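Each remark here refers to the structure printed beneath this line.
The values are calculated or read from the model by the stated rules, or taken from the named source; none is laboratory data. The shown structure was predicted, so the numbers you read here are calculated from the model rather than taken from an experiment. Note that each Cβ is placed from the backbone with ideal geometry, even for glycine, and that neighbours are counted across all protein chains shown. Please note that ligands, DNA and RNA were not included when accessible areas were found on the heavy atoms of the full protein model with its side chains. Shrake-Rupley method; radii C 1.70, N 1.55, O 1.52, S 1.80 Å.
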Amino acid sequence: MGRVGVLLLNLGGPEQLEDVRPFLYNLFSDPEIIRLPFPWLQKPLAWLISSRRAKTSQENYKKIGGGSPLRRITEEQAIALRQQLEANGHNAEVYVGMRYWHPFTEEAIAQIKRDNISNLVILPLYPQFSISTSGSSFRQLETLWEQDPELQKIDYTVIPSWYRHSGYLQAMADLISRELDQCPNPDRVHIFFSAHGVPQSYVDDLGDPYQKEIEDCTKLIMQTLNRPNDYTLAYQSRVGPIEWLKPYTDEAIEELAHKGVKDLMIVPISFVSEHIETLEEIDIEYREVAEEAGIENFYRVPALNTHPVFINDLADLVEEALRAPRVNFSKVMRPQKTFKLYPQERWEWGLTTTAEVWNGRLAMIGFIALVAELISGHGPLHFVGLL
Ligand SMILES: C=CC1=C(C)c2cc3[nH]c(cc4nc(cc5[nH]c(cc1n2)c(C)c5CCC(=O)O)C(CCC(=O)O)=C4C)c(C)c3C=C
Ligand SMILES: [Fe+2]
Ligand SMILES: [Fe+2]
């Protein structure tokens, strides 16, 4: 085997407040995050949404110190993984490729080429697969591969999801156990798994396996934990007016409080590092919701970060992937069915009612974008030099 590399994929996060708007623009420019029938609409809409959301989002990042810790933690995980692989007798370089902020996936790929890596393991830092996360990164990599004959020489393999792996489950159970052992009445604590949500239509119309994998994952963690506590699974961080996976975390917390639960322990489940949605959304917003609803003791299990059992497990995953038959991009899941724009509407071609509604909406969006660009002096038309 030639030079081995591991590419860790993650979402990325703004490192300072000025990064928030361009970060959001990158995120909403991704067709796996907002699915539209016309590609030309993606960038103007991304610009509009990111401009509107930037201020609120910046306020949230201010509350956690002015930026996301995601880059620092992911780079620490990469170093720890390289050391663990070395301790196991494997000399491998570990790279970080973020989808929406630095270090971008393209930067990691350029370095992989410079380092003459010949065997590459592609490992998303999302334990469960979603079209909107690992799927989006795989799609981007597939495009890079198609365009670059040099990349096509690399013998690569992809790990689509890995939440069933025993080391991950043990590390999660260990973190929960440690937290429970510090509570005065551990058995009375209600364990509350909070996963990042996705729009319901991703599961119903695109066949995203995310919800099933999350449900499976919580059951496996509870089995590994082997404690008598009651538990709940709910979904956080919804964006926009459409329906997302239910139950929603805030509503589920209130419901439990109304049923008399007094001790609640939140376990973030779809992400392996601390980030805005653990540090701000759970620690600040949901704590407030819980306390107002009557929860007396609110606990939160930390994210895995560089937990040694977890890092050891990542090393196992890499070693197994190198021994196993290769998994290429065409074998990993992609949207199966035609997509719905809104839960009530199915797209049809021709002069249908849906088309007329959309013509109106698109004209309105285009008009608003143009006015906003003329007022602000920034936008896609300035970007391409038309204004
Ligand atoms: C498994 C985790 C995640 C899924 C699934 C996911 C889907 C998803 N997210 C958005 C919109 C936003 N996500 C934002 C930040 C963000 N998302 C995740 C993880 C998942 N997203 C993380 C780890 C982060 C935070 C990174 C950090 O800075 O620490 C944001 C920006 C923050 C904000 O303004 O709230 C948005 C917006 C959609 C629409 C989506 C599925 C379609
Ligand atoms: Fe997100
Ligand atoms: Fe969020």
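So is Ser161 within 30 Å of Asn226 (Cβ to Cβ), part of a loop (DSSP other than H, G, I, E, B), open to solvent by 20 Å² or more (accessible area, probe 1.4 Å) and in contact with a helix residue (DSSP H, G or I) (Cβ under 7 Å, 6 or more places away or on another chain) or not? Before you say what the answer is, go through the steps one by one.
Numbers: within 30 Å of Asn226 (Cβ to Cβ): yes; part of a loop (DSSP other than H, G, I, E, B): yes; open to solvent by 20 Å² or more (accessible area, probe 1.4 Å): yes; in contact with a helix residue (DSSP H, G or I) (Cβ under 7 Å, 6 or more places away or on another chain): yes.
It is true that Ser161 is within 30 Å of Asn226 (Cβ to Cβ), part of a loop (DSSP other than H, G, I, E, B), open to solvent by 20 Å² or more (accessible area, probe 1.4 Å) and in contact with a helix residue (DSSP H, G or I) (Cβ under 7 Å, 6 or more places away or on another chain).
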Check your understanding: Take the residues of the range 76-92 that are in contact (Cβ under 8 Å) with a residue 12 or more places away in the chain and not in a helix (DSSP H, G or I): which is surrounded by the fewest Cβ atoms within 10 Å (Cβ to Cβ)?
Key -> Asn91
Exercise for review: Answer yes or no: is there a residue in the range 214-236 that is in a helix (DSSP H, G or I), in contact (Cβ under 8 Å) with a residue 24 or more places away in the chain, aromatic (Phe, Trp, Tyr) and crowded, with 20+ Cβ neighbours inside 10 Å.
Suggested key: no
Check your understanding: Among the numbered criteria (1) under 26 Å from Thr306 (Cα atoms); (2) within 16 Å of ligand 2 (Cβ to nearest atom); (3) acidic (Asp, Glu), which single criterion is violated by Asp30?
Key -> (1)
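Quick check on Thr353: is it modelled with pLDDT under 95, within 29 Å of the chain's Cα centre (by Cα), hydroxyl-bearing (Ser, Thr, Tyr) and open to solvent by 80 Å² or more (accessible area, probe 1.4 Å)?
Working: modelled with pLDDT under 95: yes; within 29 Å of the chain's Cα centre (by Cα): no; hydroxyl-bearing (Ser, Thr, Tyr): yes; open to solvent by 80 Å² or more (accessible area, probe 1.4 Å): yes.
No; evaluated as a whole, the condition is false for this residue.
If we scan the range 52-75, do we find a residue that is under 18 Å from Gly5 (Cβ atoms) and either more than 16 Å from ligand 2 (Cβ to nearest atom) or surrounded by 20 or more Cβ atoms within 10 Å (Cβ to Cβ) (or both)? Don't jump to the end; show me each part of the working.
The initial filter retains those residues of the range 52-75 that are under 18 Å from Gly5 (Cβ atoms), namely 74-75.
After this cut, where a residue has to be either more than 16 Å from ligand 2 (Cβ to nearest atom) or surrounded by 20 or more Cβ atoms within 10 Å (Cβ to Cβ) (or both) as well, the list is 74-75.
Checked the range 52-75: at least one residue is under 18 Å from Gly5 (Cβ atoms) and either more than 16 Å from ligand 2 (Cβ to nearest atom) or surrounded by 20 or more Cβ atoms within 10 Å (Cβ to Cβ) (or both).
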Exercise for review: Taking Leu123 as meeting all but one of (1) in a helix (DSSP H, G or I); (2) away from ligand 2 (no atom under 16 Å from the Cβ); (3) open to solvent by less than 10 Å² (accessible area, probe 1.4 Å), write down the number of the exception.
Suggested key: (1)
Review point. Among the residues of the range 130-141, is there at least one that is within 23 Å of Asp208 (Cβ to Cβ), more than 15 Å from ligand 1 (Cβ to nearest atom) and either of a type in the set (A, V, I, L, M, F, W, C) or part of a strand (DSSP E or B) (or both)?
Key: yes
Review point. For residues in the range 142-156 being surrounded by fewer than 21 Cβ atoms within 10 Å (Cβ to Cβ) and in contact (Cβ under 8 Å) with a residue 40 or more places away in the chain, which is farthest from ligand 3 (Cβ to nearest atom)?
Key: Asp155
Study note, to complete from the structure: Selection from the range 26-46 of residues of a type outside the set (A, V, I, L, M, F, W, C), more than 11 Å from ligand 1 (Cβ to nearest atom) and either surrounded by fewer than 17 Cβ atoms within 10 Å (Cβ to Cβ) or not in a loop (DSSP other than H, G, I, E, B) (or both) yields Pro37, Pro39, Gln42, Lys43, Pro44
Practice item. Among what's in the range 223-246 and is under 21 Å from Tyr168 (Cα atoms) and in contact with a Phe, Trp or Tyr (Cβ under 8 Å, 6 or more places away or on another chain), pick the residue that is farthest from ligand 2 (Cβ to nearest atom). Key: Tyr231
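Listed residues Val309, Val267, Val289; which is in contact (Cβ under 8 Å) with a residue 12 or more places away in the chain and within 16 Å of ligand 1 (Cβ to nearest atom)? Break it down into steps so the answer makes sense when it comes.
Details: Val309 fails: within 16 Å of ligand 1 (Cβ to nearest atom); Val289 fails: within 16 Å of ligand 1 (Cβ to nearest atom).
Of the residues listed, the single one that is in contact (Cβ under 8 Å) with a residue 12 or more places away in the chain and within 16 Å of ligand 1 (Cβ to nearest atom) is Val267.
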Check your understanding: Restricting attention to the range 254-277, does a residue exist that is open to solvent by less than 10 Å² (accessible area, probe 1.4 Å), within 16 Å of ligand 2 (Cβ to nearest atom), out of contact with any Pro (no Cβ under 6 Å at 6 or more places or on another chain) and among the β-branched types (Val, Ile, Thr)?
Key -> yes
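Looking at Glu251, Glu280, which is the one that is outside any loop (DSSP other than H, G, I, E, B) and either of a type in the set (Ser, Thr, Tyr) or within 16 Å of ligand 2 (Cβ to nearest atom) (or both)? Break it down stepwise before answering.
Working: Glu251 fails: either of a type in the set (Ser, Thr, Tyr) or within 16 Å of ligand 2 (Cβ to nearest atom) (or both).
None of the other options fit; the residue is Glu280.
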Check your understanding: Of the numbered conditions (1) farther than 11 Å from Gly12 by Cβ; (2) more than 11 Å from ligand 1 (Cβ to nearest atom); (3) out of contact with any strand residue (DSSP E or B) (no Cβ under 6 Å at 6 or more places or on another chain); (4) open to solvent by 10 Å² or more (accessible area, probe 1.4 Å), Tyr95 satisfies every one except a single condition; which is it?
Key -> (3)
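Please go through the range 280-297 and give me each residue that is open to solvent by 50 Å² or more (accessible area, probe 1.4 Å) and more than 18 Å from Arg238 (Cβ to Cβ), ordered by number. Reasoning before the result, please.
Within the range 280-297, the subset open to solvent by 50 Å² or more (accessible area, probe 1.4 Å) is 284-285, 287-288, 291-292, 296-297.
Across the range 280-297, the qualifying residues are Arg287, Glu291, Glu292, Glu296, Asn297.
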